[in-house]
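Here is the structure we will look at.
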Amino acid sequence: MIENDTLSKVLYIDLTKKRYFVKDRKDLFEKYLGGTGVATQLLLEECPEGIDAFDADSPIIFAVGPLSGVFPLASKTCAMFKSPHTGDLGESHAGGRSAIAIRMAGYGAIVIKGKSELPIYLSISKGKVLFKNATTLWGMKDGSVAARVMRQNEDGEGLRAIFRIGQAGENMVTFANVTTETYRHFGRLGLGAIFGSKMLKGIVVSGKQMIEVTNKKEYRALYDQIYNAATESPVMQKYHDVGTAINIKSLNSVNALPVKNLQRSSTEDIKSVTGEEIAKHHLARRVACAHCPVACIHLAYLREPYDDDPYFYKTTPVCYDFELIYSLGTMVGITEPKALLKLIDIVERVGVDAISMGVVLSWITEMFEKNRIKEDDLNGLSIQWGDVDTYIELVKNITKPSTEFLKACSKGVSFASSVYGGKEFAMQFGKNEMPGYHTGPAGYLGFLLGARHSHLDNGGYSVDQKELVKVDLSPEQVVDKLLDEEAIRQILSSIAVCFFARGIYDLKLVSEAIKLLGFSLDEKKLMDIGKQIHLNKYKFKMREGFSFDKLDIPERIYETKDPTGKITKEFIHNGLNYAKNLIN
Amino acid sequence: MKLAVKDAMRCVGCQSCMFACSRRSGNAGLSNTCIGVKSSGGISKGYTVIVCRSCENPPCASVCPTGALVPKKGGGVRLISSKCIGCGLCQDACIIDAVFWNDEQDKPVICVQCGYCVDYCPYDVLELIKDEKGVSHD
């Protein structure tokens, strides 16, 4: 890397002692580029083996990549931590202004340890870290209000990222998220709960520095190539127009969209919550992450009349995409757009992972439907599919649980079903609640094998849709494809490029782009680094107790119709056994 | 030629213009940008896009104690960097915050109305307009 690049500066912050220092870690960045590669090493260094995720010594790590602030679409920050939700690797990525702000502030990574005795937020700019008293912000029922107060009290307008948690994080709900720029999230695996355990309400970070490149002429030329691809390429078109919500209609039509806790994989009532219909009737504005011209963030406006005044309306901007229409829509039997937007809104306010919350709600509904829990378990509530007002109350109740059952639900469906039963329809994989893809066996193997049990780890759903619906592949062939894809994605998340841009940033382009930042790595070397990063993640997972033999697979996936007709126990188990021998 | 904001309502906040402006120097990052894009009180309310309006009697030049900012014919100013002492009075004098600051050099960065940014706005928020008699600029 270039000698003067501040990418290798790692900011270490101790919340207990309220102090900080900066260390140059060229050793890590030259070997693993940045992002997920560097964050994994920092996690292995900083997280004591077997520690409770909520212990003061349990670290929070943020890392950005060499291309952040240099090329378009490199706008992701990788957060790494020990997950309180799964007990092993916690990793989630967010855009907004997060990556640009951290890179422009002069850092490649931030490591936060310790625990404050009072609520605080951090203000990071101009080489300083200020520890600000956040007592007055603690306990607010709407996380966006806390963000507004931080915004009003800090400099760096237009350049800053504002991370914050809501009540769910404060109460250490294990799937609480961290929100940045109001509509982007470090969504999965419970980073918000780690913030809460450290009494860390939020972080404001900003900067505006220069980044040197090795060849100015080549830099401009490559920039234009990437920028033109981002704005004109058909591979970005779907994110740009209707957004990921465009997949609702197509997945529903091929029996791949989970409905009512995956009791079904399609619904006739889909019409008004397809991406096209929501865009037509409710889309109000599209916004972008910093340094990304695509603008895939879709905001709808929810207009609700007040009951006590006929000419008084509450108008609320609500961000939606495919995963939310699935998890807080079809999964819980909601197919009316206003009801859907209302449920999304409360989930945003309390600050939880929308996918996990939707799956928790759908599991609760089925438990109630099957008389395996009672109203007393739900704090007096009675729930049925599609009942949005009760779902809103349930979200609040899970965020501040008052019964033993709700407390269990605040730890996710894996934990709750281990206490109350219903594992056969607790839709989790590796203890992480499932995303909206009942596409076939590659999708499920992908969730199970992925280092963070996310559909984005290896895109297994794509193997189902592009290949398994047409041809037969053995479980071993599927696993090989998944592991190769996961290795490639380690490189993308190490240079902190958005996965939506994976059609543009192939390894050849990555090699050319990072060369301008002083990295000399060809495609083969990059692939080797990707595989190594993946194994490093598994090193952490195994160290913290993950085992392929302990994976619970809900029976439901074998019962509900899918597009391939190939989801069998034999296929899944053969795939897992093969992967286990490769990874162990 | 004057840089102008054609329709801020179409701005998505991608900051491609800001990066383009800074990239004119050949390097990456944001240190040299003289465009500002910020939310109008929260992202859901849209964005405010700040560009130099190239005033005909520029307040920034009026307050410069060293003559480092020279008014140009037809509006706007030119920065003579060697004369600038980095006092920041020009920044205070611009009430739309269109005098930006390079922290590394501790000197202002001034829009030269080149229009490089316009080509990097995918949503037609910015435009470079020719001076024509009888045509007013917003």
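For this structure, a couple of remarks:
- Within region A:390-412, the residues that satisfy the criterion of being in a helix (DSSP H, G or I) and closer than 19 Å to A:ILE344 by Cα are A:THR390, A:TYR391, A:ILE392, A:GLU393, A:LEU394, A:VAL395, A:LYS396, A:ASN397, A:ILE398, A:THR399, A:CYS409.
- If you go through region A:155-202 and keep only what is aliphatic (A, V, I, L, M), surrounded by 24 or more Cβ atoms within 10 Å (Cβ to Cβ) and more than 14 Å from every other protein chain (Cβ to nearest Cβ), you end up with A:ILE165, A:ALA168, A:VAL173, A:ALA176, A:VAL178, A:LEU189, A:LEU191, A:ALA193, A:ILE194, A:LEU200.
- Scoring A:ASP353 on the criteria (1) farther than 16 Å from A:VAL395 by Cα; (2) touching a Lys or Arg at 6+ places or on another chain (Cβ under 6 Å); (3) buried (at least 21 other Cβ atoms within 10 Å of the Cβ) leaves a single failure, condition (1).
- Per-region count, region A:103-146, residues among the hydrophobic types (A, V, I, L, M, F, W, C), closer than 13 Å to A:VAL205 by Cα and within 13 Å of chain B (Cβ to nearest Cβ): 2
- Members of region B:25-45 that are part of a strand (DSSP E or B), within 7 Å of chain A (Cβ to nearest Cβ) and surrounded by fewer than 23 Cβ atoms within 10 Å (Cβ to Cβ): B:GLY36, B:LYS38
- Output for region B:8-20, where each listed residue is more than 8 Å from chain A (Cβ to nearest Cβ) and either among the hydroxyl-bearing types (Ser, Thr, Tyr) or surrounded by fewer than 24 Cβ atoms within 10 Å (Cβ to Cβ) (or both): B:ALA8, B:MET9, B:ARG10, B:ALA20
Quick grid of which residues meet (1) part of a loop (DSSP other than H, G, I, E, B); (2) modelled with pLDDT of 95 or more; (3) under 21 Å from A:ASP353 (Cα atoms):
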| site | (1), (2), (3) |
| --- | --- |
| A:ALA39 | no, yes, no |
| A:LEU42 | no, yes, no |
| A:PRO48 | yes, yes, no |
| A:ILE61 | no, yes, yes |
| A:PHE81 | no, yes, yes |
| A:HIS93 | no, yes, yes |
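Yes/no matrix, rows are residues, columns are (1) at pLDDT 95 or above; (2) not in a loop (DSSP other than H, G, I, E, B); (3) not assigned by TED's automatic domain parsing to the domain that holds A:ASN261:
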site: A:SER414; (1), (2), (3): yes, yes, no
site: A:SER417; (1), (2), (3): yes, yes, no
site: A:THR439; (1), (2), (3): yes, no, yes
site: A:LEU445; (1), (2), (3): yes, yes, yes
site: A:LEU448; (1), (2), (3): yes, yes, yes
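For (1) more than 30 Å from B:VAL49 (Cα to Cα); (2) among the aromatic types (Phe, Trp, Tyr), each residue gets a yes or a no:
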{"position": "A:ASP155", "(1), (2)": "no, no"}
{"position": "A:GLY196", "(1), (2)": "yes, no"}
{"position": "A:LYS208", "(1), (2)": "no, no"}
{"position": "A:TYR223", "(1), (2)": "no, yes"}
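- Selection count where residues are of a type in the set (Val, Ile, Thr) and over 21 Å from the mean Cα position of the chain (by Cα), scope region A:386-437: 5
- Residue match in region A:288-301 (condition: within 14 Å of chain B (Cβ to nearest Cβ), over 23 Å from the mean Cα position of the chain (by Cα) and without any contact (Cβ under 8 Å) to a residue 60 or more places away in the chain): yes
- Scanning region A:490-533 for residues that are of a type in the set (S, T, N, Q) and closer than 24 Å to A:ILE583 by Cβ yields A:GLN490, A:SER493, A:SER494, A:GLN532.
- Number of the exception - A:TYR223 against (1) more than 14 Å from chain B (Cβ to nearest Cβ); (2) within 29 Å of B:GLY36 (Cα to Cα); (3) crowded, with 20+ Cβ neighbours inside 10 Å; (4) not small (Gly, Ala, Ser): (1)
- When residues of region A:1-13 are limited to those that are buried (at least 17 other Cβ atoms within 10 Å of the Cβ) and of a type outside the set (S, T, N, Q), the one nearest to A:MET199 (Cα to Cα): A:ILE13
- 3 or more residues in contact (Cβ under 8 Å) with a residue 60 or more places away in the chain and touching a strand residue (DSSP E or B) at 6+ places or on another chain (Cβ under 9 Å): qualifying strands (runs of 3 or more DSSP E) within region B:46-138: B:126-129
- For region A:256-282, a residue qualifies if it is under 23 Å from the mean Cα position of the chain (by Cα) and either over 19 Å from A:THR244 (Cα atoms) or within 14 Å of chain B (Cβ to nearest Cβ) (or both), and the qualifying residues are A:LYS260, A:ASN261, A:LEU262.
- Hey, B:ILE50 within 9 Å of chain A (Cβ to nearest Cβ) and surrounded by 14 or more Cβ atoms within 10 Å (Cβ to Cβ) or not: yes
- The lone exception for B:SER22 - which of (1) at pLDDT 95 or above; (2) outside any helix (DSSP H, G or I) it fails: (2)
- Restricting the search to helices (runs of 4 or more DSSP H) fully inside region A:149-237 and requiring at least 2 residues that are more than 23 Å from A:SER414 (Cβ to Cβ) and modelled with pLDDT under 95 gives A:216-232.
The values are calculated or read from the model by the stated rules, or taken from the named source; none is laboratory data. Computed from a prediction, not measured in an experiment: that's the story for all the values here. Glycine also receives a Cβ, built like all others from the backbone with ideal geometry; neighbour counts cover every protein chain displayed.
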